[in-house]
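Colleague: Would you mind keeping the following structure in view while I ask a few things?
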Amino acid sequence: MSPRHPLLLDLAGRRVVVVGGGPVAARRTRGLLADGADVHVVAPALCEDLADLAAAGALTWSAREYAPGDLDGAWLVHTATGERRADDAVAADAEVSRTWCVRADDAAASTAWTPAVARAGDVTVAVSAGGDPRRAVALRAALQLQLDTGGLPLRRRRAGRGHVTLVGGGPGDPGLITTRGRRALAEADVVVVDRLAPRALLDELEPDVEVVEAGKAPHAHTLTQTEINRLLVERARAGQRVVRLKGGDPFVLGRGGEELAACRQAGVDVTVVPGVTSAIAVPGAAGVPVTHRDVARQVTIVSAHDAQTDWETLARLRGTLVLLMGVARLGEHMARLTSHGLDAATPVAVVEDGTLPSQRTTLGTVGDIAERALAVGVRNPAVVVVGAVATLATTLGGVASRG
């Protein structure tokens, strides 16, 4: 093949003609529409996907065979009729009118080619493999995986508009962050990190990425919530890409809503990347499903260090009760539940360091779990599960400590 000149085109609002109405033409058309092109399809009939797009007004359609003059005003043409003679005619007219032509039937006879494309945010990587589309697709898939998981250098090297991304880091194991969360970290200029976030991921950051500690431990806050909000806004306004890396999910007792509101009120671009919440994942990792057929059909998640917790209502609830941040006052919480009528024989599981190699489960009942936890030295971070599902840890979760 002769040398090819790679080029990215701005098709927004520009006329592009697609000749053909089958599945190949539909695939090409969807990509063109996603790039903002003004697409005109010429074909006697349309496949279902193209017909839906035409009915929705996303494109214009000439319900006939291709005719001279159809390329007038076109910047680009794709021909995919499935008939060599028809594609030859389109290509010949495109040559005369100096319109770039992509042929689905014969790459060697084309004057333009559509590469396999991998995208991540504002990064676009186009792959051409010497006329071997399967090789190009395989390369694209490998690149896309690396882009999605932050395996390639995605940080901007030029100044741009600032942005905040609230990332849920998952329950502890770094492998349980989402691929989108990893990509956000790879793009970050500043990472504002919580104490329970998957901190091993910080070792993967480039050396000049700033890491700001914003961890909160009982009676020991590195930054107040107001200071965190201000920091996020200030850094984004300075043109930096800021990642707020939190444990679990930002919106499950993580104050993510407050940070989102602060950014929105300041006019700062902000994105939320949900995470796997420890309230569900940590019990699951210990073999305790928070809902289970014929055992529990509902689950209630509570911040156990909130002074306004309604223990009377919680004691009456059916299903599973999950307490976060509840170890320090475990005995007090259990006493309040029993004082409001919860059976002291109700099973309880306390899971420390969930999803990490040091994970440990301590089993007991509402009446004795505080004593058992004290005997084995249970410490935060831990998730407390109250309800019949806690007994499943012995059958589904393997070895557990019983004090």
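What follows draws every value from the coordinates through simple rules; no lab data is involved. Owing to the predicted nature of the structure, the values given are computational and were not obtained by experimental measurement. All Cβ positions, even for glycine, are placed from backbone atoms using ideal geometry, and neighbour counts span all protein chains on display.
Colleague: With a 10 Å radius around each residue's Cβ, average the other Cβ atoms per peptide and rank 206-212, 346-352, highest first.
Modeller: Most protected by this proxy first, the peptides run 346-352, 206-212.
Colleague: Quantify how much of the Cα-Cα distance distribution of the stretch 163-276 extends past 23 Å, in percent.
Modeller: The proportion of pairs with Cα distances above 23 Å equals 17 percent.
Colleague: Given points 7 Å out from each Cα along the Cα-Cβ axis, report the Thr111 to Leu8 separation in nanometres with one decimal.
Modeller: 2.4 nm
Colleague: Averaged over every viewing direction, what's the projected area of the C-alpha convex hull for the stretch 107-146? Give it in nm², one decimal, please.
Modeller: Over all viewing directions, the stretch 107-146 projects a mean Cα-hull area of 2.9 nm².
Colleague: Please give the contour-minus-distance gain from Thr224 to Val123: 0.36 nm per residue of separation, less the Cα-Cα distance, rounded to one decimal in nm.
Modeller: Gain in length upon complete extension: 32.9 nm.
Colleague: Follow-up question, since we're still on this one. Using Cα pairs closer than 8 Å and at least 6 residues apart in sequence, work out the relative contact order for the stretch 163-276, in percent.
Modeller: Relative contact order of the stretch 163-276: 44 percent.
Colleague: At 7 Å along Cα-to-Cβ for each site, give me the label-to-label distance between Arg134 and Asp294 in nm.
Modeller: 5.0 nm
Colleague: Further, regarding this structure: Place the peptides 251-264, 123-136 in order of packing, highest mean first, counting for every residue the other Cβ atoms within 10 Å and averaging per peptide.
Modeller: Averaged packing, sorted descending, gives the order 251-264, 123-136.
Colleague: Once both axes come from the Cα atoms, what is the angle between helix 23-34 and the longest principal axis of the chain, in degrees from 0 to 90, rounded to 10?
Modeller: Relative to the chain, helix 23-34 is tipped by roughly 70 degrees.
Colleague: Which of Ala186, Ala138, Ala55 ends up with the largest GNM mean-square fluctuation for the chain, with Cα atoms connected below 10 Å?
Modeller: Ala55
Colleague: Quick one: grab Rg to one decimal and Dmax as a whole number for the stretch 279-396, Cα atoms only, in Å.
Modeller: Over the stretch 279-396's Cα set, Rg and Dmax evaluate to 12.7, 37 Å.
Colleague: Of the residues Gly36, Gly121, Gly150, which exhibits the maximal mean-square fluctuation in a Gaussian network model of the chain defined by a 10 Å Cα contact cut-off?
Modeller: For the chain, modelled as a Gaussian network with Cα springs under 10 Å, the answer is Gly36.
Colleague: How big is the stretch 1-114 on each of its three principal axes, counting only the C-alpha atoms and giving the largest first in Å?
Modeller: 41, 30, 23
Colleague: Nearest 5 percent is fine: what portion of the DSSP beta bridges confined to the chain is antiparallel?
Modeller: If I count the DSSP bridges inside the chain, around 40 percent turn out antiparallel.
Colleague: Just how many % of Cα pairs in the stretch 1-41 lie over 16 Å apart, if you round to the nearest whole percent?
Modeller: Value for the stretch 1-41: 42 percent of Cα pairs lie more than 16 Å apart.
Colleague: With charges only on Cβ, +1 for K and R and -1 for D and E, what is the dipole size of the chain about its Cα centre, in debye, rounded to 20?
Modeller: 480 debye
Colleague: I want to make sure I understand the PRE zone here: with the label point 7 angstrom from the Cα of Val212 toward its beta carbon, which residues in the stretch 225-251 have backbone N atoms less than 13 Å away?
Modeller: What the label zone holds, given the 13 Å backbone N cut-off, is 225-245.
Colleague: Glu234 to Arg30: extension gain in nm, 0.36 nm per residue of separation minus the Cα-Cα distance?
Modeller: 69.5 nm
Colleague: On to the next question. For the pair Thr395 and Ala142, how long in nm is the line joining their label points, each one 7 Å along Cα→Cβ?
Modeller: About 4.7 nm separates the two model spin labels.
Colleague: For the chain, count all C-alpha to C-alpha pairs, find those more than 42 Å apart, and express that count as a whole percent of the total.
Modeller: 38 percent
Colleague: Oh, and also: Which whole-percent values make up P(r) of the stretch 209-295 when all C-alpha to C-alpha distances are grouped in 5 Å steps starting at zero?
Modeller: 3, 12, 20, 21, 16, 10, 7, 6, 4, 1, 0
Colleague: Ranking request for peptides 283-294, 378-389, 13-24: highest mean number of other beta-carbon atoms within 10 Å first, then the rest in descending order.
Modeller: Going by the mean number of other Cβ atoms within 10 Å, highest first, we get 378-389, 13-24, 283-294.
Colleague: What shape does the stretch 246-331 have by the C-alpha gyration tensor, where a ≥ b ≥ c are the square roots of the eigenvalues, rounded means a/c under 1.5, and otherwise prolate means a/b greater than b/c and oblate the rest?
Modeller: Taking the square roots of the gyration eigenvalues as a ≥ b ≥ c, the stretch 246-331 is prolate.
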